[in-house]
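Some notes on the structure that comes next.
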Amino acid sequence: MFKKKFVLALIAALGFAVFTPFLLAQADKNSPEEKVKQTAEKILNAQIDSVHKAGYLGLYELYIDGQIYYTDEKVSVLIAGRLFDTKNMTNVTEARLEKLSTIKFADLPTAQAIKQVRGNGKRVLATIEDPNCGYCKRLARDLLKLDNVTLYTFLYPLLSEDSDKKSRQIWCASDRAKAWNDWMVSDITPVGRDDCDTSAIDRNIALSQKLNIRGTPTLFFADGSRVPGAMPLDAIEQKLNSIK
């Protein structure tokens, strides 16, 4: 009798253990955010990365392809633009975009990047750049002035076929950092081969698309924050020094 009761109790416990996650999954599937997500994807014919209650006017935040939009629970309207909290005059949208675009720096595949170490190399900075990007060239000149930093440059040929050729020539160079700086800083055109193993460039393209990189340069700091576009050298120094 004891053994039978024990077996029945064990079955009941196991059944609860299996059934509880199922109930939680169902609850999440039927949440207001999930309903909005399903409706929005159907109406907009787009993949919604995430849905979040905006906290204002009953609106929901839709995160789509690196951008934030707002809608109501029925997705009867779609609002594009910045949302401000007038109580403390903060840009709610900008703060959310910064949070949503944050990455885990350690997850970056740095073997696919050109690595440069200056001084003790303790500070770290990763950039995604196109060799024909004017803002990237300006950034490259500024970064030469940084000390005690490790730089990871991910080549992302975004602008043209020539960008792709130059990226692969630089990657095939015996000294990639020198070839990169020669071109970006000194305008010495790469002339080497471009038919070595350049699969890292292809992986960088996929990575950049996954991270919703819309332009170059894009900077990533050790705390995972990203800065799209050019950034002044003093601001880069300040940011690097603020990260512990």
- Contact list, first residue from the stretch 195-213 and farther than 11 Å from Gln112 by Cα, second anywhere and in a helix (DSSP H, G or I) and not small (Gly, Ala, Ser), beta-carbon distance below 8 Å, six or more apart or interchain, is Asp195/Arg168; Asp195/Cys172; Cys196/Arg168; Cys196/Trp171; Cys196/Cys172
- Message: When you scan the stretch 99-106, do you find a residue that is in contact with a Phe, Trp or Tyr (Cβ under 8 Å, 6 or more places away or on another chain), surrounded by fewer than 18 Cβ atoms within 10 Å (Cβ to Cβ) and over 23 Å from Asp202 (Cβ atoms), even just one?
- Response: yes
- Message: Lys137 - would you say it is within 24 Å of the chain's Cα centre (by Cα), assigned to a helix (DSSP H, G or I) and assigned by TED's automatic domain parsing to the domain that holds Met231?
- Response: yes
- Item | All helices (runs of 4 or more DSSP H) inside the stretch 150-244 with 3 or more residues being in the same structural domain as Ala126 (by TED's automatic domain parsing), polar (S, T, N, Q) and under 17 Å from the mean Cα position of the chain (by Cα) | 199-210
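Table: residues versus (1) under 17 Å from Lys99 (Cα atoms); (2) surrounded by fewer than 20 Cβ atoms within 10 Å (Cβ to Cβ); (3) modelled with pLDDT under 90.
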{"position": "Trp171", "(1), (2), (3)": "no, no, no"}
{"position": "Ser174", "(1), (2), (3)": "no, yes, no"}
{"position": "Ala179", "(1), (2), (3)": "no, no, no"}
{"position": "Trp183", "(1), (2), (3)": "no, no, no"}
{"position": "Asp197", "(1), (2), (3)": "no, yes, no"}
{"position": "Ile213", "(1), (2), (3)": "yes, no, yes"}
{"position": "Thr216", "(1), (2), (3)": "no, no, no"}
{"position": "Ala222", "(1), (2), (3)": "yes, yes, no"}
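The values are calculated or read from the model by the stated rules, or taken from the named source; none is laboratory data. A quick note: this is a predicted structure, and the numbers were derived from the prediction, not measured. Here Cβ is always computed from backbone atoms with ideal geometry, including for glycine, and neighbour counts include all displayed protein chains.
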